[in-house]
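The values are calculated or read from the model by the stated rules, or taken from the named source; none is laboratory data. These numbers come from a predicted model, not from an experiment. Here the Cβ positions follow ideal geometry from the backbone for every residue, glycine too, while neighbour counts run over all protein chains shown.
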Amino acid sequence: MDKATIILAGATGDLGGRITKALLRQGANVRALVRQKTSPDKIKRLQRDGVSIAEVDFGNATSVTKACSRGSCVVSALSGLRDVIVETQTVVLKSAIDAGVPRFIPSDYSIDFTKLPAGTNRNLDLRREFHQRLDKTSIAATTIFNGAFTELLTGQAPIILFRWKRILYWGDADQLMDFTTKDDTATFTAAAALDSSAPRFLRIAGDQVSARDLVAIASEVTGDKFRLFRAGGLGSLDKMIKVMRAVLPKTQTLYPPWQGMQYTHNMFSGLAKLEPLDNSRYTGIQWRTVRDVIAAR
Ligand SMILES: NC(=O)c1ccc[n+]([C@@H]2O[C@H](COP(=O)([O-])OP(=O)(O)OC[C@H]3O[C@@H](n4cnc5c(N)ncnc54)[C@H](OP(=O)(O)O)[C@@H]3O)[C@@H](O)[C@H]2O)c1
């Protein structure tokens, strides 16, 4: 049987690079859509891995349509604001349809924003706006919801304060939250790209933990005694977000300080919790836990 060809937009990015490797491991041909200004080093790395490169003008659907020919699924791992998530992804979507590609995976990879009220997360609202366009088409789409990347707990997310031995939380210390590593998200996304019967939504979580669970895990892994630190209620966090948005200069950056606070609010509210999980849909994924990631820090 011929190998499936998966068309990937965003292959030069962090998650896109991991999806590329997972697709190759799972036996697919990968064609990466890159732009003229993409760094030649990133393109060389993809070529070394055996990826075929299609340089396209993302503003021109004809050029993208040609690059999508004979693909069995278009996967987007693009990152950006409205110009990318709504406008560029619309060009890629239209091109996939015009080229006769039967399936599309949008760049969602997040908490379940379909359950959140509009206006509570700027970046996720853009994905919701793109879904309104996507769901009007006849292409078979699959969104991957993975919660937050687990790596954020030892990186940018201000939840585990290693220096102060505190777990900072808002609202309820027992609210469970979903975490999946970047590699596990990529491996699952690759399997979904090769699965012609994948449904509209797939939900995964390598681990589900509360702030109280994090106290126990961080204490056990580090040997230090961590404690809970309640920063306030969700109402206070909401007020802080509104004040910051009002006083900070308007910005076109992806992650201004209030954007991280919106994700934090969404997760501690429990509204965007993932259920039921589809972790067992594909075999062979050894899900990495929060404990694994903290231990590897
Ligand atoms: N759940 C979570 O915790 C979490 C955390 C982080 C990210 N994510 C999601 O994961 C997805 C990928 O994010 P990432 O961190 O891997 O992004 P990234 O490393 O910044 O990569 C972005 C990719 O998009 C491409 N790109 C950006 N602007 C473009 C444009 N105007 N036209 C064409 N291509 C463009 C880049 O291409 P060039 O190489 O040409 O610049 C690159 O391939 C996003 O949906 C993001 O929201 C989720």
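Some observations on this one:
- Conditions (1) closer than 30 Å to Gly270 by Cβ; (2) within 13 Å of the ligand (Cβ to nearest atom); number of the one not met by Pro117: (2)
- Contact annotation: residue pairs with Cβ atoms under 7 Å, 6 or more positions apart or on different chains, pairing a residue in segment 9-32 that is farther than 19 Å from Ala54 by Cβ with a partner that is small (Gly, Ala, Ser) and more than 8 Å from the ligand (Cβ to nearest atom), are Leu15/Ala186; Arg18/Ala186; Ala22/Ala186; Ala22/Ala190; Gln26/Ala190; Gln26/Ala191.
- Scanning segment 173-229 for residues that are within 15 Å of the ligand (Cβ to nearest atom) and among the charged types (D, E, K, R) yields Asp178, Lys182, Asp183, Asp184, Arg203, Asp207.
- Test: Ser52 is within 15 Å of the chain's Cα centre (by Cα) and polar (S, T, N, Q): no
- Top-ranked residue in segment 242-282 [being away from the ligand (no atom under 15 Å from the Cβ), of a type in the set (S, T, N, Q) and at pLDDT 95 or above; ranked as farthest from Lys182 (Cα to Cα)]: Ser269
- Of all residues in segment 132-164, those satisfying the criterion of being away from the ligand (no atom under 16 Å from the Cβ) and hydroxyl-bearing (Ser, Thr, Tyr) are Thr137, Ser138.
- Applying the condition of being outside any helix (DSSP H, G or I), touching a residue at least 60 places away in the same chain (Cβ under 8 Å) and of a type in the set (Gly, Ala, Ser) to segment 254-290 and asking which residue is nearest to Ala173 (Cα to Cα) yields Gly270.
- Pair list, Cβ under 8 Å, 6 or more apart: segment 234-245 residue in contact (Cβ under 8 Å) with a residue 24 or more places away in the chain, other residue in a helix (DSSP H, G or I) and not hydrophobic (A, V, I, L, M, F, W, C): Leu234/His265; Leu234/Ser269; Leu237/Thr264; Leu237/His265; Asp238/His265; Ile241/Gln262; Ile241/His265
- Strands (runs of 3 or more DSSP E) enclosed by segment 1-91 - at least 1 residues per element that are surrounded by 23 or more Cβ atoms within 10 Å (Cβ to Cβ) and within 14 Å of the ligand (Cβ to nearest atom): 5-9, 29-34, 73-76
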